[in-house]
1. Would you be able to say whether some residue in region 504-525 is without any contact (Cβ under 8 Å) to a residue 24 or more places away in the chain and in a strand (DSSP E or B)?
2. Within region 642-682, work out how many residues are modelled with pLDDT of 70 or more, outside any strand (DSSP E or B) and of a type in the set (Val, Ile, Thr).
3. For the condition exposed (fewer than 14 other Cβ atoms within 10 Å of the Cβ), within 30 Å of Phe282 (Cα to Cα), modelled with pLDDT of 90 or more and within 30 Å of the chain's Cα centre (by Cα), what is the one hit in Pro367, Pro336?
4. Residue by residue through region 504-516, note down the ones that are within 18 Å of Leu267 (Cα to Cα) and either within 12 Å of the chain's Cα centre (by Cα) or open to solvent by less than 20 Å² (accessible area, probe 1.4 Å) (or both).
5. Check region 436-459 and report whether any residue there is without any contact (Cβ under 8 Å) to a residue 12 or more places away in the chain and assigned by the TED database to the domain that holds Ile550.
6. Can you say whether Thr597 is at pLDDT 95 or above and of a type in the set (Val, Ile, Thr), as far as the supplied structure shows?
7. Just one of the numbered conditions (1) touching a residue at least 40 places away in the same chain (Cβ under 8 Å); (2) in the same structural domain as Thr680 (by the TED database); (3) buried (at least 18 other Cβ atoms within 10 Å of the Cβ) is not true of Asp389; which one?
8. Can you tell me which residue among Ile580, Ile530 is under 30 Å from Val643 (Cβ atoms) and either of a type in the set (A, V, I, L, M, F, W, C) or surrounded by fewer than 20 Cβ atoms within 10 Å (Cβ to Cβ) (or both)?
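The values are calculated or read from the model by the stated rules, or taken from the named source; none is laboratory data. Being a predicted model, the structure only gives us computed values, none of them experimental. Virtual Cβ from ideal backbone geometry, glycine too; neighbours counted across all protein chains shown. Heads up: the accessible areas ignore ligands, DNA and RNA and are worked out on the full protein's heavy atoms, side chains in. Shrake-Rupley method; radii C 1.70, N 1.55, O 1.52, S 1.80 Å.
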Amino acid sequence: DRQTLVAVLQFLRRSNLRESEEILRREARLLGDDFGGSAATVASSSPGVVAATAVPPGKGEARTGGCGVAARAGGRPSRRDPKRLRELVLGHKVGGGVVVEDQPDVSAVLSAYNQQGDPTLYEEYYSGLKHFIECSLDCHRAELSQLFYPLFVHMYLELVYNQHESEAKSFFERFHGDQECYYQDDLRVLSSLTKKEHMKGNETMLDFRTSKFVLRISRDSYQLLKRHLQEKQNNQIWNIVQEHLYIDIFDGMPRSKQQIDAMVGSLAGEAKREANKAKVFFGLLKEPEFDVPLDDEDEEGENEEGKPKKKKPKKDSVGSKSKKQDPNAPPQNRIPLPELKDSDKLDKVMNMKEAARRVRLGPECLPSICFYTFLNAYQGLTAVDITDDSSMIVGGFADSTVRVWSVTPKKLRSVKTAADLSLIDKESDDVLERIMDEKTASELKILYGHSGPVYGTSFSPDRNYLLSCSEDGTVRLWSLQTFTCLVGYKGHNYPVWDTQFSPYGYYFVSGGHDRVARLWATDHYQPLRIFAGHLADVTCTRFHPNSNYIATGSADRTVRLWDVLNGNCVRIFTGHKGPIHSLAFSPNGRFLATGATDGRVLLWDIGHGLMVGELKGHTDTIYALRFSRDGEILASGSMDNTVRLWDAVKAFEDLETDDFTTATGHINLPENSQDLLLGTYMTKSTPVVHLHFTRRNLLLAAGAYSSQ
């Protein structure tokens, strides 16, 4: 029998009899199966990334079949070995850091649903468990209720797979009403799977089968469940728990219903605690130092006060706080960043002058809001971006055009033709002015090139380039000097939902329907990194202010933080009950705000990997989030036609981030987020799709007027 075989194999390995072990395993067909295979199956079933690296035997590691993930020597890796699991989940760097996703074989995946019980008893099994959980003590009931949904799905799929269609239908009808309201969309998909054939091509179904559903339960509740299932000889349910669920057990008080509700709701349950343990360098990079010449008016002002004229080097407000390196910042050269050009330095100087005149916001001093309404946008406005200096605004439209407007009196001009350029005196002081063709000046430029709706747009920090991504599967880079397309980046095979430039330029990220995000550099045709792990479309992407990390939001209702250096997933945040459509990092890099179709804004502490706040108020999808320049205020814009302002300082003060909270995920969110709400501003009938704080903290908002 198998147990004996495994014991013999373990003995052979311990005695270093490699060849005999290999022969026996080949004979017994235990290649990727049980021995060491439990690690391989965990790996292929984890929502993380599985890398296709095979380690040569004889390096203290043994080869396993299947995925080619190396399992440790020294016996069968335990399913509960979190450190090992984490290595498997995070995957390894392959070929310059691009991580290869291991696609499960459909028939192998489904065959795990081999018949294991009497189909007529499924309802009895489930209602028996339901009765047991509902009659257990309050403190355990909330935790054990998490089992209802994954067990319901797996038992239903098992019935369908084994062609007990009438039993499956009656099982579904009897129990689907008991599931939490936030699983309604998934249940709708599930109800359409009524025959074995339907299961073959269904992605949702495959995800559910291949990724273990994660439940976080206290040890006491788990023991209670285990005892009940063993006494009742309820093997059917116990098998599913062992086969398809990953129970993350913690020591300590069970969590309350409210604490659990805050964290659950994603496609694959909660994140394992191990997934959020890696160190993240969330601090900011040191600003480069250079002298800032003072304005003439500043100098006169100083003279009147009788002080000597001094040209002090001023630094950006971020750099001016301390000359020391931020202890949480990544090393300056951790990833290669582009050199500062002279024009960038000039822009930084302008930025500093603006920052000196910046309004300090707070509950007593709210920003003015200037709303750009796109009227008669019958082409269907699908994306907006505004340059950092607030001089240009771009709209992406469903008719596949990209339109750029100047919002200052300065018109948009193209560079002259080559023939005209050859006549210019290159030594003259105003050469940059002379190369521009006055005849082309206009407030609006339309860029043609995409062959489908444009879902994302992003200006480069130096305002020389513009990115757009579209349903046609490409990301295009446009020149804002010539208003022509420079490159079309092809890598996604399906619609690309979002794209964004790094705050330092050069790099950009894109995310799409193919469930992966890709990191690109403007001068490479191929992506530099592929971030794979989400179980559904990547709907929005954002760079961390230090450019070392990328956050992605997905329709699988999770947010992931990826390390640009090695492509690893370093944080998984669960808690939203619908697809995520907006992300914003706080200016100090410590916090992340996320908004979704559930109308909630969730706040996350990146360093500790914890949810630290929930802002309720919006009644529809949140498409725009932005922190003010100093991080005192968070603005959110939604399809409910409102902009809301929240007190970010208050939201992030007095955080409980002690070791216990971090270890168990016992988060205590304030019942009421209304005391953080500073203001709600209605538009007439315009959903808010973009928000932007100017360098002086004026809030700009944008959206297209909808007449219905």
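1. Within region 504-525 (the criterion being without any contact (Cβ under 8 Å) to a residue 24 or more places away in the chain and in a strand (DSSP E or B)), the answer is yes, since at least one residue qualifies.
2. 1
3. Working: Pro367 fails: exposed (fewer than 14 other Cβ atoms within 10 Å of the Cβ).
After ruling out the rest, the residue left standing is Pro336.
4. From region 504-516, those within 18 Å of Leu267 (Cα to Cα) are 512-516; that's our starting set.
Matches in region 504-516: Gly512, Arg515, Val516.
5. Start the filter on region 436-459 by keeping residues that are without any contact (Cβ under 8 Å) to a residue 12 or more places away in the chain, which leaves 439.
Then drop every residue that is not assigned by the TED database to the domain that holds Ile550, which leaves 439.
Among the residues of region 436-459, at least one is without any contact (Cβ under 8 Å) to a residue 12 or more places away in the chain and assigned by the TED database to the domain that holds Ile550, which makes the answer yes.
6. Values: at pLDDT 95 or above: no; of a type in the set (Val, Ile, Thr): yes.
So Thr597 does not fit the description; no.
7. (3)
8. On the way: Ile530 fails: under 30 Å from Val643 (Cβ atoms).
The match here is Ile580.
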